[in-house]
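Asker: I am attaching a structure below and will ask some questions about it afterwards.
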Amino acid sequence: MSLSSENIQFIDNYFKNSEVIYYDIRMEMLDHVATALEHTMQAENLDFYDAFKNYMVVNKKEILKGNKLWSVYSKDTILSFLKFLLHPIMIFIGILFYVFFDNINVTYYFSESFSINNLFFTIILSIALFQIFYFYIYLKERLYVIEKAGGLLGLLYYAQIFFFPGYSSKSPSNLVMAIFFYLLFAYLVYFIIQILKFNQKNKHLFQ
(Lines give C-alpha, C1' and ligand atoms only; values in the text may rest on other atoms or scores of the structure.)
Protein backbone atom coordinates (compact mmCIF):
# COMPACT_ATOMS: atom_id res chain seq x y z
CA MET A 1 0.00 0.00 0.00
CA SER A 2 1.57 3.28 -1.13
CA LEU A 3 1.40 6.51 0.84
CA SER A 4 -0.29 9.54 -0.67
CA SER A 5 1.44 12.88 -1.15
CA GLU A 6 -0.59 14.17 1.81
CA ASN A 7 0.76 11.34 3.96
CA ILE A 8 4.32 12.14 2.91
CA GLN A 9 3.79 15.82 3.71
CA PHE A 10 2.35 14.88 7.10
CA ILE A 11 5.47 12.90 7.99
CA ASP A 12 7.72 15.71 6.74
CA ASN A 13 5.84 18.27 8.84
CA TYR A 14 6.11 15.98 11.84
CA PHE A 15 9.89 15.89 11.55
CA LYS A 16 10.04 19.65 10.96
CA ASN A 17 8.08 20.16 14.17
CA SER A 18 10.53 17.80 15.88
CA GLU A 19 13.31 20.24 14.88
CA VAL A 20 14.91 18.08 12.22
CA ILE A 21 16.35 21.14 10.50
CA TYR A 22 18.46 19.56 7.75
CA TYR A 23 16.54 18.64 4.61
CA ASP A 24 18.75 15.72 3.59
CA ILE A 25 18.65 14.14 7.06
CA ARG A 26 14.89 14.66 7.21
CA MET A 27 14.43 12.98 3.82
CA GLU A 28 16.41 9.94 4.97
CA MET A 29 14.18 9.67 8.05
CA LEU A 30 11.05 10.15 5.95
CA ASP A 31 12.05 7.44 3.50
CA HIS A 32 12.76 5.02 6.35
CA VAL A 33 9.45 5.73 8.10
CA ALA A 34 7.39 5.70 4.89
CA THR A 35 8.71 2.27 3.95
CA ALA A 36 7.94 0.90 7.41
CA LEU A 37 4.42 2.39 7.41
CA GLU A 38 3.57 0.95 3.99
CA HIS A 39 4.52 -2.49 5.27
CA THR A 40 2.57 -2.04 8.52
CA MET A 41 -0.55 -0.73 6.78
CA GLN A 42 -0.51 -3.71 4.41
CA ALA A 43 0.27 -6.35 7.04
CA GLU A 44 -2.08 -5.10 9.79
CA ASN A 45 -4.77 -3.51 7.60
CA LEU A 46 -4.45 -0.12 9.30
CA ASP A 47 -5.08 3.34 7.96
CA PHE A 48 -2.18 5.78 7.72
CA TYR A 49 -2.77 7.71 10.93
CA ASP A 50 -3.19 4.63 13.13
CA ALA A 51 -0.12 3.04 11.59
CA PHE A 52 1.89 6.24 12.04
CA LYS A 53 0.81 6.67 15.67
CA ASN A 54 1.63 3.07 16.57
CA TYR A 55 4.98 3.18 14.77
CA MET A 56 6.15 6.45 16.31
CA VAL A 57 5.19 5.41 19.84
CA VAL A 58 7.71 2.59 19.54
CA ASN A 59 10.36 4.08 17.26
CA LYS A 60 10.32 7.88 17.69
CA LYS A 61 13.20 8.05 20.16
CA GLU A 62 15.44 5.84 18.05
CA ILE A 63 14.65 7.66 14.80
CA LEU A 64 15.28 11.11 16.24
CA LYS A 65 18.72 10.03 17.43
CA GLY A 66 19.71 10.85 13.86
CA ASN A 67 18.88 14.47 14.62
CA LYS A 68 21.63 14.98 17.17
CA LEU A 69 23.51 18.27 17.09
CA TRP A 70 25.63 18.00 13.96
CA SER A 71 28.79 20.03 13.62
CA VAL A 72 29.72 21.54 10.26
CA TYR A 73 33.35 21.11 11.33
CA SER A 74 33.17 17.34 11.13
CA LYS A 75 36.33 15.26 11.31
CA ASP A 76 35.28 13.20 8.29
CA THR A 77 34.84 16.32 6.13
CA ILE A 78 38.22 17.75 7.13
CA LEU A 79 39.96 14.43 6.43
CA SER A 80 38.13 14.15 3.11
CA PHE A 81 39.31 17.63 2.10
CA LEU A 82 42.89 16.89 3.15
CA LYS A 83 42.81 13.71 1.08
CA PHE A 84 41.49 15.76 -1.83
CA LEU A 85 44.42 18.18 -1.46
CA LEU A 86 46.85 15.26 -1.78
CA HIS A 87 45.41 14.08 -5.08
CA PRO A 88 48.20 14.13 -7.70
CA ILE A 89 46.31 16.58 -9.91
CA MET A 90 45.72 18.95 -7.00
CA ILE A 91 49.38 18.72 -5.95
CA PHE A 92 50.37 19.62 -9.51
CA ILE A 93 48.01 22.61 -9.44
CA GLY A 94 49.50 23.67 -6.12
CA ILE A 95 52.98 23.62 -7.67
CA LEU A 96 51.68 25.78 -10.52
CA PHE A 97 50.36 28.29 -8.01
CA TYR A 98 53.77 28.50 -6.36
CA VAL A 99 55.56 28.89 -9.70
CA PHE A 100 53.14 31.66 -10.65
CA PHE A 101 53.60 33.65 -7.44
CA ASP A 102 57.34 33.03 -7.42
CA ASN A 103 57.77 34.49 -10.90
CA ILE A 104 55.19 37.28 -10.96
CA ASN A 105 55.23 40.13 -8.47
CA VAL A 106 51.48 40.36 -7.89
CA THR A 107 51.94 42.79 -5.00
CA TYR A 108 52.76 45.40 -7.64
CA TYR A 109 49.08 45.47 -8.58
CA PHE A 110 47.87 46.13 -5.04
CA SER A 111 48.14 49.02 -2.59
CA GLU A 112 47.88 49.61 1.14
CA SER A 113 44.20 50.49 0.73
CA PHE A 114 43.48 47.20 -1.05
CA SER A 115 46.08 44.54 -0.39
CA ILE A 116 46.21 40.88 -1.35
CA ASN A 117 44.91 40.20 2.14
CA ASN A 118 41.83 42.30 1.31
CA LEU A 119 41.37 40.33 -1.90
CA PHE A 120 41.58 37.04 -0.04
CA PHE A 121 38.94 38.21 2.46
CA THR A 122 36.71 39.50 -0.37
CA ILE A 123 36.86 36.13 -2.12
CA ILE A 124 35.92 34.28 1.08
CA LEU A 125 33.06 36.71 1.73
CA SER A 126 31.77 36.39 -1.84
CA ILE A 127 31.75 32.60 -1.66
CA ALA A 128 29.99 32.67 1.71
CA LEU A 129 27.33 35.11 0.46
CA PHE A 130 26.71 32.95 -2.62
CA GLN A 131 26.22 29.88 -0.43
CA ILE A 132 23.83 31.75 1.87
CA PHE A 133 21.79 33.13 -1.02
CA TYR A 134 21.58 29.91 -3.04
CA PHE A 135 20.84 27.45 -0.27
CA TYR A 136 18.98 29.52 2.31
CA ILE A 137 17.10 32.01 0.10
CA TYR A 138 16.71 30.21 -3.25
CA LEU A 139 16.35 26.59 -2.12
CA LYS A 140 15.00 27.63 1.31
CA GLU A 141 16.41 24.52 2.92
CA ARG A 142 19.34 23.72 5.17
CA LEU A 143 21.40 20.84 3.81
CA TYR A 144 23.79 19.10 6.16
CA VAL A 145 26.02 17.70 3.43
CA ILE A 146 26.45 21.19 1.98
CA GLU A 147 26.99 22.94 5.32
CA LYS A 148 29.72 20.43 6.15
CA ALA A 149 31.59 21.43 3.02
CA GLY A 150 30.86 25.10 3.71
CA GLY A 151 32.40 24.77 7.16
CA LEU A 152 35.78 24.33 5.49
CA LEU A 153 35.55 27.94 4.33
CA GLY A 154 35.47 29.11 7.91
CA LEU A 155 38.51 27.00 8.68
CA LEU A 156 40.40 28.68 5.83
CA TYR A 157 39.60 32.06 7.31
CA TYR A 158 40.76 31.02 10.78
CA ALA A 159 43.89 29.45 9.28
CA GLN A 160 44.81 32.85 7.88
CA ILE A 161 44.49 34.43 11.32
CA PHE A 162 46.14 31.80 13.49
CA PHE A 163 48.62 29.98 11.26
CA PHE A 164 49.75 32.70 8.89
CA PRO A 165 49.83 35.96 10.85
CA GLY A 166 52.34 37.31 8.34
CA TYR A 167 49.65 37.15 5.68
CA SER A 168 48.15 40.37 7.06
CA SER A 169 51.34 42.25 6.31
CA LYS A 170 51.76 44.38 3.21
CA SER A 171 53.99 41.92 1.37
CA PRO A 172 53.28 38.28 2.27
CA SER A 173 55.77 35.72 1.03
CA ASN A 174 55.33 33.94 -2.27
CA LEU A 175 54.82 30.65 -0.43
CA VAL A 176 52.06 32.08 1.78
CA MET A 177 50.24 33.56 -1.21
CA ALA A 178 50.54 30.31 -3.14
CA ILE A 179 49.25 28.29 -0.19
CA PHE A 180 46.20 30.44 0.43
CA PHE A 181 45.16 30.87 -3.18
CA TYR A 182 45.70 27.15 -3.74
CA LEU A 183 43.52 26.32 -0.72
CA LEU A 184 40.80 28.65 -1.97
CA PHE A 185 40.90 27.10 -5.42
CA ALA A 186 40.87 23.59 -3.96
CA TYR A 187 37.93 24.51 -1.72
CA LEU A 188 35.91 25.80 -4.70
CA VAL A 189 36.55 22.61 -6.67
CA TYR A 190 35.78 20.42 -3.64
CA PHE A 191 32.58 22.32 -2.87
CA ILE A 192 31.36 22.09 -6.46
CA ILE A 193 32.01 18.33 -6.43
CA GLN A 194 29.94 17.98 -3.25
CA ILE A 195 27.08 19.96 -4.80
CA LEU A 196 27.14 17.83 -7.95
CA LYS A 197 27.10 14.63 -5.92
CA PHE A 198 24.19 15.84 -3.84
CA ASN A 199 22.39 17.15 -6.92
CA GLN A 200 22.70 13.76 -8.61
CA LYS A 201 21.25 12.04 -5.55
CA ASN A 202 18.47 14.60 -4.98
CA LYS A 203 17.54 15.90 -8.43
CA HIS A 204 14.01 16.83 -7.39
CA LEU A 205 15.29 19.48 -4.96
CA PHE A 206 17.32 21.32 -7.60
CA GLN A 207 14.60 21.45 -10.25
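The values are calculated or read from the model by the stated rules, or taken from the named source; none is laboratory data. As the structure is a computational prediction, the values presented were derived from the model and not from experiment. Methodologically, a virtual Cβ is constructed for each residue, glycine included, from the backbone with ideal geometry; neighbour enumeration extends over all protein chains shown. The protein model used for the area step is the full one, side chains on, heavy atoms only, and it has no ligands, DNA or RNA in it. Shrake-Rupley method; radii C 1.70, N 1.55, O 1.52, S 1.80 Å.
Asker: What FRET efficiency comes out for the pair S5/Y134, r = Cβ-Cβ distance, R0 = 25 Å, nearest 0.05?
Answerer: 0.40
Asker: Express in nm, to one decimal, how much length is gained between V106 and K16 on full extension, taking 0.36 nm for each residue of separation and deducting their alpha carbon distance.
Answerer: 27.4 nm
Asker: If each of N199 and K61 carries a label point 7 Å out from its Cα toward its Cβ, how far apart are those two points in nm?
Answerer: Modelled inter-label distance: 4.3 nm.
Asker: Here's another thing I want to ask about it. Within the stretch 1-46, which GluC sites (Glu not before Pro) sit in a loop by DSSP and count at most 13 neighbouring Cβ atoms inside 10 Å?
Answerer: Loop-located and lightly packed - E19.
Asker: While we're on this one: List every residue whose amide H lies under 5 Å from the amide H of R142, counting only residues 5 or more places away in sequence or on a different chain, with H placed 1.01 Å from N in the peptide plane.
Answerer: Under 5 Å from the amide H of R142: Y23.
Asker: I'd like the accessible area for Y98: 1.4 Å probe, protein heavy atoms, all chains in place, Å² to the nearest 10.
Answerer: Surface open to solvent at Y98 totals about 100 Å².
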